[in-house]
1. Below 8 Å, C-alpha to C-alpha, sequence gap of six or more: please give me the relative contact order for region 44-152 in percent.
2. Below 23 Å, Cα to Cα, which lysines can Lys356 reach? Residues fewer than 8 away in the same chain don't count.
3. State the answer as a single residue: which of Asn155, Ile175, His197 lies farthest towards the positive end of the charge dipole of the chain, with beta carbon charges of +1 for Lys and Arg and -1 for Asp and Glu, about the Cα centre.
4. Considering only protein heavy atoms and a 1.4 Å probe, what is the carbon-and-sulfur percentage of the accessible area of region 229-374?
5. For the peptides 53-61, 148-156, what is the packing order when you average, over each peptide's residues, the other Cβ atoms within 10 Å and list the highest mean first?
6. Step by step: find N for region 212-264, compute 2.2 N^0.38 Å, then divide the Cα radius of gyration by it. What's the final number?
7. Sequence-distant or interchain residues sharing an amide H contact under 5 Å with Lys198, placed H: which?
8. Once both axes come from the Cα atoms, what is the angle between helix 350-363 and the longest principal axis of the chain, in degrees from 0 to 90, rounded to 10?
Amino acid sequence: MAMSKGRFPKRILCKIWFWNANPSVVEVTVDELWVSAWDYSKPNEYFRPLLLSCPVTKNSKPVAVSLISKPCQIPNNVFWFNSTKSYSKRKKFIVCLKPVNFQNDFSLKLLEWLELQFVLGADRIAIYKYHLHPKTFELLKNYEKSKRVTIIDHNLPGNSSMKLDELEKLSSRDIWQKRRHEMLVYNDCFYRHIDSHKYIINLDLDEAIVPLKHDSWIDLLNHVRNQTSRTFPSASISVSNVYFFDEFGDKSDSSVPKYCHMLRHLWRSANFTPPGFAQKSFFPAEYALIVSNHYALRSLYSGMRTNTVISRNLAQMHHYRVKCPPKMEKECEENYIKFRTRDQTLLRFKDKLIEKVSSKIKELNLTYFITNQI
């Protein structure tokens, strides 16, 4: 994967190195990790995310690759292959979290979110990081020791020393550049784990894919596959988005601790967002070529479906927000805030989730969080 400032018109070649054979030179296939229809302003001024593909023969065993612009050029770079292939049995689910950049300590919300993903079926969570509050980082390091979380430091191209306030300005000033940066991360996480996990999921910290009739993601997907065999395989399997806004109220019975934000917010919009909007997906490792935060942009095989949507009767994507998303406040007020309904779906996992969160608080002696963060 690569980033290019503006469009990249140059021809690129791969010089592929082998241990016991002469190197070969092949032309690179360049795919932009983006959809041109999304370009609303000055796309040529942005850093653009790219996927560079170099074809190799089936039985070859390359050890490194160099990028060059002419067939006989002496390379000034080399990328050694660091195989991610696991010799143990592939795990089922890894959740990928785009780069986090938080000055405040949000350990309790993070703890509930982490444990909910594990309850639903996540084997591991990969978290990309710009900046984190020391206490929150300490919590993640504990999960990393148990190999349930992987922390990946991340920088921006040409801005590796960008500070916290500069990152926040970038997010608010130029949302389209921010989204392009994130597309690189989504695909990086996908390709890091295609050999170790069967499904990759891109989620945010305020999201959870919740089955309505099954106890886990794998049970849900097995059911969907059995019921819709003619529509499979697909490069992404999506779940429709629905909003749980903070202003709808924080009400639950006394058995739910105050520090369990999601379990206490049981009112949501009665309306789901339109198809394709804000949905999240399971990406089968063997079928997707390019992924986004919502669905696959391209499948690996010609003619394969890029996306299948799971029925709302089987699962929904819970989206816990303080307020309406930026730049769609009026639409949000009219379509989502006005219509609400009580939704107790998450309470099916209440006992197990509370037990996991409470146990972790005691294990790490984090009781001070309860008074400091509520």
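1. Details: 109 pairs, mean separation 23.7, N = 109.
Rounded, it is 22 percent for region 44-152.
2. Lys91, Lys92, Lys109, Lys135, Lys141, Lys145, Lys147, Lys213, Lys251, Lys258
3. His197
4. Details: 3560 of 7230 Å².
Exposed carbon and sulfur together represent 49 percent of the surface.
5. Numbers: 53-61: 10.3, 148-156: 16.0.
Packing proxy ranking, top to bottom: 148-156, 53-61.
6. On the way: Rg = 16.6 Å, N = 53, 2.2 N^0.38 = 9.9 Å.
In units of the globular-protein estimate, region 212-264 measures up at 1.67.
7. Those qualifying (amide H under 5 Å, at least 5 residues apart or on another chain) are Lys91, Lys92, Phe93.
8. Result, in degrees: 80.
The values are calculated or read from the model by the stated rules, or taken from the named source; none is laboratory data. Not measured: the values here are computed from a predicted model. Please note: Cβ atoms are built from the backbone with ideal geometry, for glycine as well, and neighbour counts cover all protein chains shown. Each accessible area value is taken on the protein alone, full model and side chains, heavy atoms only, with ligands, DNA and RNA left out. Shrake-Rupley method; radii C 1.70, N 1.55, O 1.52, S 1.80 Å.
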